Every structure is written in C-alpha cells, then in structure tokens.
Amino acid sequence: MQKTEIEQQVKNMLKQGVIQLSSSSYASPVILVKKKDGTWRFCVDYRHLNAITVKRKYPMLVVEELLDELSGAQWFTKSDLKSGYHQIRLWAGEEHKTAFKTHHGLFEFLVMPFGLTNAPATFQDAMNRLFALLLRKCVLIFMNDILVFSPTLELHVQHLKEVFAILEQNQFYVNLIKCSFAQPELEYLGHVVSKNGVNTDPAKVQAVQDWPIPKNV
C-alpha cells in the first residue's frame with residue numbers, strides 16, 4: 001500500500017514540477033506519515049544531510065510575542081500558503097543534495113522540501129522580507145500562516161488588498177480552504193484572537209483537562 005502511495009505522490013510532484021529525475025550521489029530515504037484526515041504526508045529523512053549542513057542562525061519567532069501586537073485590532077483574516085515550502089525555489093545547482101530514493105528510482109527536488117534543517121529559517125526570512133513594510137503593523141506571519149489584523153472593517157479591506165497584491169506580485173498562492181476572511185474572532189496559532197484580546201483555544205485547554213490522572217509516581 002505504501003509503495004502505491006509513494007508512486008502516486010511522486011507522479012503528482014513530477015507533474016507539478018516540484019521534483020525531477022536525479023543521478024545524484026545523494027539518496028535519502030522516504031517516510032510516509034499519516035495525517036489527521038487519514039491521508040499520507042510525503043516526507044524525506046534528511047538526518048544525514050542535516051548533520052553536515054551549516055545551520056542558519058536566523059532568529060525564530062515566539063508566538064506569545066507575536067500576539068502582543070494585536071492590541072486594538074477588531075477584524076482578522078487568516079491565510080495559509082499552499083504547500084508553503086514548495087513555493088521557494090532551490091538555488092540552481094543545489095538540487096542534487098535533496099535527492100531521495102524510491103522503488104522506482106532516484107528523484108530530486110526543484111523547490112525547498114520539508115525536512116531540511118534550514119528550511120524553517122529560510123521560509124520565515126523570505127516571508128519577513130516580503131512583508132517588511134506591513135509586518136507588525138497590520139500583518140503577522142508565522143511560517144506559512146499569515147494573519148491580517150485591523151481596527152476597522154474599512155481599513156481591513158485595504159490591508160487585504162495590499163497583502164494579496166504582494167502575494168500576487170511574487171507569485172505566492174494561498175490555500176483557500178484554510179483561509180478565513182474578515183472575522184471578528186478566529187483561531188490563530190493555538191489561540192483565539194478577537195477584539196477582546198487573545199485567549200488560549202478552548203479545544204487545547206479541554207485536551208489538557210482530559211489527560212488521565214496519574215496513578216503512580
């Protein structure tokens with residue numbers, strides 16, 4: 001079953017231009033991880049490659065510090081970039097390092113794959129540069145989750161136009177199914193944000209309350 005799933009996902013990625021056939025001397029193994037909806041996430045085990053990679057020192061964001069910027073906001077839109085990492089092109093000549101092996105042969109990524117040690121920092125850096133003029137003024141970005149916030153609906157519409165103009169100009173695409181537009185309250189990064197402030201998502205609190213009581217030490 002897993003071989004069939006790998007074969008289908010490889011076929012899809014070839015069609016989308018995400019990967020290509022490879023003759024690389026690198027060959028990382030593939031792992032399928034089951035998602036909550038029952039589908040499979042295609043992952044490559046890059047542990048050996050990551051071990052010899054020079055790590056970027058880009059500062060990663062703290063969620064609580066981000067959410068502090070929402071004071072005074074009353075309207076919110078959440079956008080999710082579709083396969084965010086795959087919208088970042090690899091440096092020409094570096095593709096061979098991402099090669100992975102399947103029962104059908106060797107392939108390599110043309111775009112940034114999940115699993116590379118520097119992928120989170122690279123993606124966050126790209127987003128911060130893209131929205132530098134709007135960051136923390138009307139936009140918060142944590143990886144591929146973009147939150148647009150405004151004190152009035154009229155201003156919110158203007159902010160959305162600016163954000164989507166930037167995405168269009170730079171050929172970034174959102175996943176509409178995961179977007180929520182012009183809401184007075186929504187969930188973002190495990191919290192519920194609204195004009196009343198920021199609160200922990202009740203579903204997260206309930207999950208903790210439902211933990212079984214320890215019966216031994």
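Figures for the structure shown
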{"read-out": "Of all residues in segment 109-156 being acidic (D, E) and assigned to a helix (DSSP H, G or I), the one that is farthest from Q16 (Cα to Cα)", "value": "E154"}
{"read-out": "Residues of segment 165-199 classified as closer than 12 Å to D80 by Cα, assigned to a helix (DSSP H, G or I) and hydrophobic (A, V, I, L, M, F, W, C), total", "value": "3"}
{"read-out": "Neighbours by Cβ (under 7 Å, 6+ apart or cross-chain): first from segment 142-161, within 12 Å of F131 (Cα to Cα) and modelled with pLDDT under 95; second among the polar types (S, T, N, Q) and crowded, with 17+ Cβ neighbours inside 10 Å", "value": "I146/S79"}
{"read-out": "Residue ID - farthest from K15 (Cα to Cα), chosen from residues in segment 77-104 that are outside any helix (DSSP H, G or I) and touching a Ser or Thr at 6+ places or on another chain (Cβ under 8 Å)", "value": "T77"}
{"read-out": "Residue count for segment 60-95, restricted to those that are among the charged types (D, E, K, R) and surrounded by 18 or more Cβ atoms within 10 Å (Cβ to Cβ)", "value": "2"}
{"read-out": "Candidate set from segment 9-67 (those that are under 20 Å from L110 (Cβ atoms), in a loop (DSSP other than H, G, I, E, B) and hydrophobic (A, V, I, L, M, F, W, C)); member that is nearest to the chain's Cα centre (by Cα)", "value": "V18"}
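The values are calculated or read from the model by the stated rules, or taken from the named source; none is laboratory data. Small disclaimer: the values here were computed from a predicted structure and weren't measured. Note that each Cβ is placed from the backbone with ideal geometry, even for glycine, and that neighbours are counted across all protein chains shown.
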